[in-house]
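S.K.: Supplied in structure tokens, the structure appears directly below.
The values are calculated or read from the model by the stated rules, or taken from the named source; none is laboratory data. Just so it is clear, the model here is predicted, and its values are computed rather than measured. Glycine also receives a Cβ, built like all others from the backbone with ideal geometry; neighbour counts cover every protein chain displayed.
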Amino acid sequence: MPWNSLIRMAKFHGVVMEQKAFQDYYKDHSSHCYGCGRLNPYGLQIKSYWDGDETVCRFHPQPYHTAMKGFVYGGLIASVIDCHGTATAAAASYRAQNREMDTDPELRFVTGSLHVEYHLPTPIGRPMDLRATIKQIKGRKVVVKVSLFSGDKLCAKGEVLAIQIPDKLKNMVVAP
């Protein structure tokens, strides 16, 4: 089964999981994001999952994600942290409301702010493993802390302020 399949059965840091990715619960109108949209054929299509009270994501950077030869472009790192953070915010909000992610009303989040600290260059050719925790849920705002590893090396940390999209904006379509 590929990593980004609807149901994941994999060993991730010693934890065996069989679950649907958060992003695979998103309705079609919410599935076009460059970072996590399953309906964006040109996007990254990251997948996020629960692992206890943390969330996890694994992304395999490609040679064209290069900053300098052999290392991942920092903007890609920020994008993956951002999308994993907003997906974590959505999943945590459903969990806080004791709801399944396929229930209505849909809870979707956008980035209010993103802060990234780069600790080490992130090599291409190895998966990037992300772990996120919820720092705070307050009303429509969720603060998520994300750590990005390559192997056992901490390469970047991020903090995402995710803001829940109001219902009236969810179905808006902008003409090209």
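S.K.: If you take the residues of region 137-176 that are modelled with pLDDT under 95 and of a type in the set (A, V, I, L, M), which of them is farthest from the chain's Cα centre (by Cα)?
M.R.: Ala175
S.K.: Name the residue, out of Leu130, Leu114, that is closer than 12 Å to Gly158 by Cβ, without any contact (Cβ under 8 Å) to a residue 60 or more places away in the chain and not in a loop (DSSP other than H, G, I, E, B).
M.R.: Residue meeting the stated conditions: Leu114.
S.K.: Of the conditions (1) farther than 19 Å from Glu100 by Cα; (2) at pLDDT 95 or above; (3) not polar (S, T, N, Q), His13 clears all except one; give me its number.
M.R.: Checking His13 against (1) farther than 19 Å from Glu100 by Cα; (2) at pLDDT 95 or above; (3) not polar (S, T, N, Q), the one that fails is (2).
S.K.: Could you tell me which of the residues Val110, Val80 is farther than 19 Å from Lys27 by Cα and either at pLDDT 95 or above or in contact with a strand residue (DSSP E or B) (Cβ under 9 Å, 6 or more places away or on another chain) (or both)?
M.R.: Val80
S.K.: Another question, then. Looking at region 31-54 only, could you name the residues that are more than 15 Å from Val146 (Cβ to Cβ) and surrounded by fewer than 17 Cβ atoms within 10 Å (Cβ to Cβ)?
M.R.: If the condition is that a residue be more than 15 Å from Val146 (Cβ to Cβ) and surrounded by fewer than 17 Cβ atoms within 10 Å (Cβ to Cβ), then His32, Tyr34, Leu39, Asn40, Pro41, Tyr42, Gly52 are the ones that fit.
S.K.: Being among the charged types (D, E, K, R) and buried (at least 17 other Cβ atoms within 10 Å of the Cβ) is the filter here, so list the residues in region 133-144 that pass it.
M.R.: Selection gives nothing.
S.K.: Let me ask something else about it. Could you say whether any residue in region 65-73 is closer than 18 Å to Asp129 by Cβ and part of a strand (DSSP E or B)?
M.R.: Checked region 65-73: at least one residue is closer than 18 Å to Asp129 by Cβ and part of a strand (DSSP E or B).
S.K.: How about region 80-110: which of its residues are surrounded by fewer than 15 Cβ atoms within 10 Å (Cβ to Cβ) and of a type outside the set (Lys, Arg)?
M.R.: Answer for region 80-110, where residues must be surrounded by fewer than 15 Cβ atoms within 10 Å (Cβ to Cβ) and of a type outside the set (Lys, Arg): Ala96, Gln97, Asn98, Glu100, Asp102, Thr103, Asp104, Pro105, Val110.
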